[in-house]
Structure formats: structure tokens, C-alpha cells
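> Structure incoming, see below.
The values are calculated or read from the model by the stated rules, or taken from the named source; none is laboratory data. Keep in mind that what you see is a predicted model, and the values were worked out from it rather than measured. Backbone-built Cβ (ideal geometry, glycine too); neighbour counts: all protein chains shown.
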Amino acid sequence: MQNLHYQILGSGKPIILVHGWAMHSGIWRRFAENLAQQYQVTCIDLPGHGRSEKLDPFTLEHISAALVNAVQEQSACWLGWSLGASVVLDLARRFPERVNALILLAGNPHFTETMDWHGVDVQLLNAFADNLNKDCQATLLRFLALQVNGLADAKVLLKELKVAVFECPPPDSDTLQSGLNILKQSDLRPELAQTNKPVSLILGNRDTLIPVAVAGQMQALCPNLELNIIDRAGHVPFLSHRQELLAIISRFMFHS
């Protein structure tokens with residue numbers, strides 16, 4: 001069994017937090033402590049991230065299996081941020097009995113832009129992939145800066161991001177490249193369309209990685225999806241708009 005690091009806070013309805021690319025569960029700390037005042041919150045490091053053992057191959061199929069084997073809850077709300085949103089959509093399809101609700105935070109089931117779908121330019125992800133091999137640290141710093149780009153308090157948020165992320169060594173190159181491949185290649189739109197679980201989508205209208213225009217397309221796929229757009233938020237609303245995000249989650253958990 002895969003050895004994954006996780007921490008459990010609080011008590012109540014279970015929520016499992018799944019972080020994004022190149023991150024680890026420490027990114028959630030203050031947000032998770034607030035959330036744990038109402039719920040039982042599990043913060044887990046993805047394989048090869050933070051303090052979790054590496055997984056080879058680092059694919060959605062193997063990640064989903066590793067996560068459900070690591071946590072004890074028989075059924076929970078899974079909150080996935082960014083790459084984590086792709087993970088929880090995949091997990092809900094493969095292990096529906098372990099999922100009672102989904103929260104997609106700054107997530108996109110088809111991360112890259114196509115002629116008929118809003119997303120990030122695949123060339124940006126290709127550039128990250130190329131630059132990782134040249135200077136991993138500089139590439140990760142650029143990625144962090146993108147997440148707060150255009151926000152009023154970008155400098156403060158970027159400092160908070162850096163402190164949290166670099167608490168742990170970054171994942172190795174293979175894991176980082178495999179994570180980018182998931183973002184570039186995965187199409188989880190069928191999973192979103194077919195799910196019978198309550199789904200909350202939470203986006204920031206200033207997110208430079210997840211265009212807010214994708215919200216309407218996701219609603220068209222999943223008409224029961226609960227849409228929440230946080231004004232003036234970017235890719236990290238759990239840092240920049242914590243109270244608004246907590247209120248959205250609380251409302252959703254009450255009804256799901």
C-alpha cells in the first residue's frame with residue numbers, strides 16, 4: 001500500500017482536501033484550521049508531494065486508488081483544488097461509494113483550451129515542462145506568481161504561498177512532469193456530465209489559469225452543478241478570500 005502523509009483536524013461531516021500541482025497539504029493550513037471548526041478535515045499529500053511516498057506511474061488511475069486506500073472515511077466530500085479537482089473527478093468515477101459530494105475549487109475538467117472549450121493555453125504548460133528540466137525552482141516560483149497575478153494583495157499572497165510551498169522539498173522531476181501531463185491530456189468532462197453526486201464549482205473571476213468563462217460550459221455538462229464565482233479572487237481563494245470560501249462550503253455542505 002502507498003504510504004501517504006495526511007493530517008486530520010476537527011470533527012463532524014468529513015471533507016478531504018486534495019491540493020494542486022507541485023504543492024503539498026501545508027498549503028491549506030490556516031484554511032483547514034478554520035474549516036475544522038465545523039467539519040472533520042483531512043489534508044493529504046498527493047503521492048510524491050510533501051511527505052508522501054512517490055508513485056510510479058503518477059497517473060489519475062493510480063493516484064485515485066492510493067488516496068482511497070490511504071484515508072479511512074467510507075464516504076466523504078472531496079474538495080479538489082486545481083490539479084486536485086481533476087483527481088477528485090476521477091476518484092468519484094472509479095470509487096463512487098467513497099464520495100458523497102464534490103467541491104471543485106479553481107478546477108477545470110479539461111484544463112487546456114481548445115476550439116470549443118475554455119482553458120489555459122497548452123503552450124504555457126509545455127513551457128513549464130521544458131523549463132523544469134533547466135531550473136526547477138525558478139519554474140515553480142513563476143507558477144506561484146501566476147496564481148496571484150493581477151490581485152490587489154499579490155505580493156503578500158505570493159510571500160504566503162512561497163513560505164507554505166517551500167516548507168517541503170519540491171516533488172522530483174518525473175512526478176512534476178507527470179502532473180503536467182495529467183493537466184495537458186486528461187478530459188474529465190464525461191465524468192462531470194455523468195456524476196450523480198452534488199457538485200459545487202468555485203472559481204475566482206481573476207483566475208489566470210482557470211478562465212471564468214468555463215463555468216457556463218461546466219454547467220451545461222452538469223445542470224445540477226452549484227456555481228460560485230468569487231469576485232476579485234484568483235487561483236488561491238483559500239488564501240485571498242478565506243471567509244467567503246468558508247461560507248460557500250458551509251452552505252453547500254448543509255444542503256448536500
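Conditions (1) at pLDDT 95 or above; (2) touching a helix residue (DSSP H, G or I) at 6+ places or on another chain (Cβ under 7 Å); (3) closer than 18 Å to S200 by Cβ, marked per residue:
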site	(1), (2), (3)
L46	yes, yes, no
E53	yes, no, no
V68	yes, yes, no
W78	yes, yes, yes
R93	yes, yes, yes
A101	yes, no, yes
L105	yes, yes, yes
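> Restricting to the stretch 171-201, name every residue that is within 17 Å of the chain's Cα centre (by Cα) and hydrophobic (A, V, I, L, M, F, W, C).
L176, L180, I182, L183, L188, L192, V199, L201
> If we scan the stretch 27-34, do we find a residue that is surrounded by 24 or more Cβ atoms within 10 Å (Cβ to Cβ) and over 20 Å from L140 (Cβ atoms)?
Checked the stretch 27-34: no residue is surrounded by 24 or more Cβ atoms within 10 Å (Cβ to Cβ) and over 20 Å from L140 (Cβ atoms).
> Grab the helices (runs of 4 or more DSSP H) fully contained in the stretch 126-202, keeping just those with 3 or more residues being modelled with pLDDT of 95 or more and surrounded by fewer than 20 Cβ atoms within 10 Å (Cβ to Cβ). Working first, answer last.
On the way: elements: 136-148, 154-165, 173-185, 189-194.
Per the criteria, 173-185, 189-194.
> Still on this structure: Does any residue in the stretch 206-229 that is more than 22 Å from A145 (Cα to Cα) come within less than 9 Å, Cβ to Cβ, of a residue that is among the charged types (D, E, K, R) and part of a helix (DSSP H, G or I) six or more places away or on a different chain, and which pairs are these?
Filtered contacts from the stretch 206-229: Q217/R189; M218/R189; L221/R189; E226/R251; N228/E244; N228/R251.
> Does at least one position in the stretch 57-70 carry a residue that is of a type in the set (A, V, I, L, M), surrounded by fewer than 20 Cβ atoms within 10 Å (Cβ to Cβ) and touching a Lys or Arg at 6+ places or on another chain (Cβ under 8 Å)?
Yes, the conditions are met somewhere in the stretch 57-70.
> Can you tell me how many residues in the stretch 155-170 are over 16 Å from the mean Cα position of the chain (by Cα) and in contact (Cβ under 8 Å) with a residue 24 or more places away in the chain? Working first, answer last.
Looking only at the stretch 155-170, we keep the residues that are over 16 Å from the mean Cα position of the chain (by Cα), and these are 155-160, 162-163, 166-170.
Cutting the leftovers down to in contact (Cβ under 8 Å) with a residue 24 or more places away in the chain gives us 157, 160, 167-168, 170.
Count: 5.
> Shifting gears a bit: Report whether or not A92 is surrounded by fewer than 24 Cβ atoms within 10 Å (Cβ to Cβ), assigned to a helix (DSSP H, G or I) and in contact with a Lys or Arg (Cβ under 8 Å, 6 or more places away or on another chain).
Values: surrounded by fewer than 24 Cβ atoms within 10 Å (Cβ to Cβ): no; assigned to a helix (DSSP H, G or I): yes; in contact with a Lys or Arg (Cβ under 8 Å, 6 or more places away or on another chain): yes.
Against the criterion (surrounded by fewer than 24 Cβ atoms within 10 Å (Cβ to Cβ), assigned to a helix (DSSP H, G or I) and in contact with a Lys or Arg (Cβ under 8 Å, 6 or more places away or on another chain)), A92 does not qualify.
> Return the residue satisfying two criteria in turn: it lies in the stretch 58-74 and is free of Cβ contacts under 8 Å to residues at least 60 places away in the same chain and outside any helix (DSSP H, G or I), and of such residues it is farthest from E226 (Cα to Cα).
My answer is Q72.
> For A220, work out the one condition from (1) among the hydrophobic types (A, V, I, L, M, F, W, C); (2) buried (at least 18 other Cβ atoms within 10 Å of the Cβ); (3) in a helix (DSSP H, G or I); (4) modelled with pLDDT of 95 or more it doesn't fulfil.
(2)
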